[in-house]
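Here is the structure we will look at, set down as structure tokens.
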Amino acid sequence: MKGEYPLTTLCRVFGVSRSGYHAWRVRAPSPRQEANARLLDQIRQLHQGRERCYGSPRLTRELQSRGHACSENRIARLMQRHHVRAQSRRRFVPRTTDSDHDLPVAPNLLAQRSVPDGPNQVWLQDITYVATAQGWLYLALVLDLWSRKIVGWAMADHLRSELVVAALRMACQQRQPAPGLLVHSDRGVQYASQETRQFLADHGLQASMSRTGNPYDNAWMESAIGKLKSEVLDQEPPDHETARQLLFVGIECWYNQRRRHSALGYQSPVAFETQSMTN
């Protein structure tokens, strides 16, 4: 505006003196302005990494954990003022499960359970499809409902029952659950198979399955899959090996170790479990 209008005119319109304008130009930034500049720099750095999916609530917790004194309202104002927005997640649509089979189906015991108050009381499991330029890669996951931690996973280029069993075996080896743990899934043929049922029986685990045609009975797992795929797989991997590497890092280094979950008080699953076990 100064190039279009005389300075005297601008000062008169905005109600300031020429001396006041020149004093403002040479005035050093206030401590608050300097602090805001540092916070903005940190916000922009975080949005270059995995935390680009974070809005102001999660960003505030992340910054506070790094020693920055800030409030959620302050971070929200800075983000709005400087046009920093959380990366929007692609909408994840639950897939239709292949439940057209004559295998035994377990009742929905999850609906009868109270909310777990400790680890290894309720596990959720599901399979998802990962698109690559080489073709589909299939990922089986096992999630502890209490801490939202992915405790078992397996990848393969097929949908046979051994994929599900491999994820369950990893979970059992890592967690060593006591008999009676509830394992909930949809009614897919892999979960109703003889191999999966035998594995559950051998380890004293109790099977539970969602109602027919209702994928939202397993909504926690659907949500975890949606977050994992949208935040880890930004672009279609060129091959299965690349997808495996991205998913390994995404599960073990990001989702379990670092990603802040609102249901856990904005802690990561690992931090939530560690704090709960030490209290």
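Worth a mention:
- Distance from segment 35-60 to segment 231-279 (C-alpha centre basis), Å: 18 Å
- On the beta carbon distance between Ala69 and Asp157, with R0 = 51 Å, the FRET formula returns roughly 0.55.
- Inter-site label distance for Thr278 and Tyr129 at 7 Å from Cα along Cβ, in nm: 4.4 nm
- Rh (Kirkwood; distinct C-alpha pairs) - segment 132-279, Å: 16.2 Å
- Other-chain or far-sequence residues with amide H under 5 Å of Gln267's (modelled H): His261
- Looking at segment 47-86, the trypsin sites (Lys or Arg not before Pro) that sit in a DSSP loop and have at most 13 other Cβ atoms within 10 Å of their own Cβ are Arg66, Arg85.
- Full-stretch length increase - Cys53, Arg113 - with 0.36 nm per residue and alpha-carbon distance subtracted: 18.4 nm
- Where labels lie 7 Å past Cα in the beta-carbon direction, separation of Gln173 and Ala76 in nm: 4.6 nm
- Annotation: extensible slack from Arg18 through Asp202 equals 57.8 nm (criterion: 0.36 nm per residue apart, minus Cα-Cα distance).
- A simple rule links phi to the HN-Hα coupling: the Karplus curve 6.51 cos²θ - 1.76 cosθ + 1.60 with θ = phi - 60°, which for segment 170-177 gives 4, 4, 5, 5, 6, 9, 6, x Hz, with x for Gly and Pro.
- Sequence-distant residues sharing a close amide H with Gln87 (under 5 Å, placed H): Cys53, Tyr54
- Taking Met155, Met209, Met79 and counting other C-beta atoms within 10 Å, the order from fewest to most: Met155, Met79, Met209
- Summarising the amide proton neighbourhood of Gly152: residues at separation of 5 or more, or on other chains, whose placed amide H is nearer than 5 Å comprise Val142.
None of the figures in this text is laboratory data; all of them are computed from the coordinates on show. Bear in mind that the values here come from a model prediction, so they are computed numbers and not experimental data. Please note: Cβ atoms are built from the backbone with ideal geometry, for glycine as well, and neighbour counts cover all protein chains shown.
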